[in-house]
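Each remark here refers to the structure printed beneath this line.
What follows draws every value from the coordinates through simple rules; no lab data is involved. This structure is a prediction, so every number in the text was calculated from the model and none was measured. Here the Cβ is made from the backbone with ideal geometry for all residues, glycine too, and neighbour counts use every protein chain on show.
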Amino acid sequence: MVEPGWDLAVDSLMQQEQPHLRALTVRPFLPRYFPGYDVYLWIDADAWVQDLTVISAYVNAAAQGALAIVPHDHPAYRQSAGVTAWRARRDQAYFGADAGIEVPWAEYWNAGVFALAADVPHWQQWAQYFSRGLAATDGRLCCDQTALNQATRVERLPVAPLAARHNWLCHLALPSFDQNLNKLGDPLDPQSVLGILHLTDTTKNMLWELRGDTQGRRLSLRFPPGIVKI
């Protein structure tokens, strides 16, 4: 267990009132906090692994020197105006009015689950772009994902895109539920079991009616699947 410090210049009042923001600022510095490993795999605390095969996919891709990560891209995803505006506001606050305007969702990476080898340049570039964004916002907007996307795009860092099932973003599309397997699946292909369920936005604490559940229940997306939680 390691308690991180403040590796980047976050506003001092925010440091006091929101100490959990270190879960964002620590990410570009994982090899320093946990030295001696070949590959580092990060999984957000609001995500859980349903199919272990996705772990090897992350590690194998990262071992080749690329950022193993999943884009915000799937035919079932609903890219609402609100989600688009959220992204644009952060891009522009960090890197100027033109940042990210024409970048397709297929190239917008979700930093909640990723893998990187210890010796790649991504870490340093990520930290530098994160520092630039914090400086541009007086340390009051803390968004590691915005910095990572800009760094990979501008510096042309190698990326190994993984399919959506490797980090399913539940706020963009609810999964289906297979009652026989007791598994959560791709809503467009219910027999395709999702590897990692990422309970983004409000999907952490709400109950949902899921396609495939013939009992008409409202289910939690938390582990284990198929359980009604109040």
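What the table shows:
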{"quantity": "Of all residues in the range 42-64 being in contact with a Leu (Cβ under 9 Å, 6 or more places away or on another chain), among the small types (Gly, Ala, Ser) and not in a strand (DSSP E or B), the one that is nearest to PRO224 (Cα to Cα)", "calculated": "ALA57"}
{"quantity": "Filtered residues of the range 74-97 (kept if surrounded by 15 or more Cβ atoms within 10 Å (Cβ to Cβ), under 26 Å from LEU21 (Cα atoms) and not small (Gly, Ala, Ser))", "calculated": "VAL83, ARG87, ARG90, ASP91, GLN92, TYR94, PHE95"}
{"quantity": "Selected residue (criterion: surrounded by the fewest Cβ atoms within 10 Å (Cβ to Cβ)) from residues of the range 103-117 that are out of contact with any strand residue (DSSP E or B) (no Cβ under 7 Å at 6 or more places or on another chain) and either without any contact (Cβ under 8 Å) to a residue 60 or more places away in the chain or not small (Gly, Ala, Ser) (or both)", "calculated": "PRO104"}
{"quantity": "The range 146-160, subset of a type outside the set (A, V, I, L, M) and either buried (at least 17 other Cβ atoms within 10 Å of the Cβ) or under 12 Å from the mean Cα position of the chain (by Cα) (or both), residue farthest from ALA63 (Cα to Cα)", "calculated": "THR146"}
{"quantity": "Per-region count, the range 72-102, residues of a type in the set (Val, Ile, Thr) and in contact (Cβ under 8 Å) with a residue 24 or more places away in the chain", "calculated": "1"}
{"quantity": "Hits in the range 14-41 - residues which are among the charged types (D, E, K, R) and assigned to a helix (DSSP H, G or I)", "calculated": "GLU17, ARG22, ARG27, ARG32"}
{"quantity": "Pairs with Cβ under 9 Å, 6+ apart, first in the range 45-71 and free of Cβ contacts under 8 Å to residues at least 60 places away in the same chain, second surrounded by fewer than 19 Cβ atoms within 10 Å (Cβ to Cβ) and not hydrophobic (A, V, I, L, M, F, W, C)", "calculated": "VAL59/ASP38; ALA63/ASP38"}
